[in-house]
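The values are calculated or read from the model by the stated rules, or taken from the named source; none is laboratory data. The structure presented is a predicted model; accordingly, all values stated were derived computationally and were not measured. Note: ideal-geometry Cβ built from the backbone for every residue, glycine included; neighbour counts use all protein chains shown. Just so you know, the surface numbers come from the protein's heavy atoms only, side chains and all, with ligands and any DNA or RNA stripped out. Shrake-Rupley method; radii C 1.70, N 1.55, O 1.52, S 1.80 Å.
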Amino acid sequence: MGTFIGHISPGLAFLSFGLLYAARYSWMVLNGCREQYPPRTKRTGGLWRTLPVEGVMKLIYGTLAVLAEFFFPPGVQKLRFFRSDDPDFHFQNPSEWQHATMYGYFCMSGVLDIISQSCLHQRWPLLEHLGVTAAFFITTLLLKFHSHGKDMIEMQVHYLLLLTCSLTCIIFIIEIWLPNQPKLWFTKAWLVLVQGTWLLHAAFILYKPPTGHNWNSEDHADVLFLTTFYCWHLSFNIGLLCAIFWVTSLLHRRWGGRIERDGYHLAGEMEKLTGVEDEEL
């Protein structure tokens with residue numbers, strides 16, 4: 001991860017998850033859905049028709065990222081974490097192992113999503129939620145102790161990323177007890193979007209600044225502008241979230257009645273069905 005591509009790739013991954021969350025929660029709210037994890041609907045066509053998009057994304061992204069940490073560039077092998085011929089047994093490749101641990105937890109979360117939604121007879125929402133909560137908690141924990149030996153610019157970049165990830169983790173923990181709060185859904189989507197765009201920006205700040213001049217840790221103005229740019233990311237992603245909701249509302253208004261809801265039932269329809277059943281009784 002300590003390269004330009006190493007920041008671009010997780011940035012794109014978090015951005016894609018943020019876009020997925022924003023579109024999904026917008027559609028659910030417009031559909032009147034009151035559950036973040038609605039019951040699984042029966043589908044035909046084999047296992048692949050039941051695979052959750054988010055779970056597959058986490059599994060693929062996480063697996064590729066772990067392999068890249070240990071075997072990229074080609075010909076490199078960083079699996080060894082200590083040397084047996086070293087009398088002091090110094091640890092090797094600590095950053096790679098930290099990154100791989102973080103990505104491994106997202107892989108685990110993806111596997112739990114697939115098990116819950118495709119393998120079990122009944123969906124286990126708590127299993128899915130605990131998996132992704134653990135992934136963000138581990139990411140927060142590793143980021144807290146990931147800045148040793150780095151200059152001020154890189155430390156500030158990672159501190160702001162740590163702040164975002166910590167807030168995201170807190171929301172996931174709160175949702176263990178309050179999973180069906182749309183305000184938390186959209187706050188979570190916003191923070192994941194911020195993680196994605198900030199990592200993308202961080203890649204250019206640390207490795208390929210557009211001006212061609214490296215950021216100077218000794219320049220107080222450079223350090224201050226990092227926080228300024230981060231604040232712009234907060235505003236930009238609020239606007240992006242609103243734009244996604246607006247586009248989703250247009251799609252819902254035009255095709256909402258024709259698209260399969262995949263379990264996201266209309267609250268009004270459910271109330272009508274309940275009313276009809278009561279009358280029949």
Point to revise | Principal-axis tilt of helix 182-206 within the chain, Cα atoms, nearest 10 degrees | key: 30 degrees
Check your understanding: Considering only protein heavy atoms, what per residue accessible area in square angstrom results for the chain with a 1.4 angstrom probe?
Key -> 57 Å²
Review point. Percent of accessible area on the chain owned by carbon and sulfur, 1.4 Å probe?
Key: 67 percent
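Report the local net charge at Gly110: Lys and Arg +1, Asp and Glu -1, summed over other residues whose C-beta lies under 13 Å from its C-beta.
Working: positive: Lys58; negative: Glu54, Asp113, Glu128.
Once all neighbours under 13 Å are counted, the net charge is -2.
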Revision key, fill the gap. Computed over the chain: longest principal axis from alpha-carbon atoms vs helix 4-30 long axis, angle to nearest 10 degrees, is 20 degrees
Point to revise | Pairwise FRET efficiency - Ile238 versus Thr50, Cβ, R0 = 35 Å, nearest 0.05 | key: 0.55
Review point. Nearest 10 degrees, 0 to 90: what angle lies between the long axis of helix 53-71 and the longest principal axis of the chain (Cα atoms)?
Key: 10 degrees
Review point. Applying 1/(1 + (r/R0)^6) with R0 = 22 Å to the Cβ-Cβ distance of Phe72 and Ser147, what FRET efficiency is obtained, to the nearest 0.05?
Key: 0.45
Review point. What list of ³J(HN,Hα) values in whole Hz, one per residue of the range 34-40 in order, does the Karplus curve 6.51 cos²θ - 1.76 cosθ + 1.60 (θ = phi - 60°) give from phi, with Gly and Pro shown as x?
Key: 10, 10, 5, 10, x, x, 6
Review point. With each pseudo-label sitting 7 Å past Cα toward Cβ, what's the Val223-Lys208 distance in nm, one decimal?
Key: 2.9 nm
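Report relative contact order for the range 29-183 in percent, whole number only (criteria: Cα-Cα under 8 Å, sequence separation at least 6). Numbers along the way, then the final one.
Working: 150 pairs, mean separation 37.9, N = 155.
It comes to 24 percent, rounded to a whole number.
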Point to revise | Listed peptides 218-230, 10-22, 56-68 by packing density, highest first (mean Cβ within 10 Å) | key: 10-22, 56-68, 218-230
Check your understanding: Each residue of the range 209-225 in turn: what ³J(HN,Hα) in whole Hz from Karplus with 6.51, -1.76, 1.60 and θ = phi - 60°, glycine and Pro shown as x?
Key -> x, x, 6, x, 10, 5, 5, 10, 5, 7, 8, 4, 5, 4, 5, 5, 5
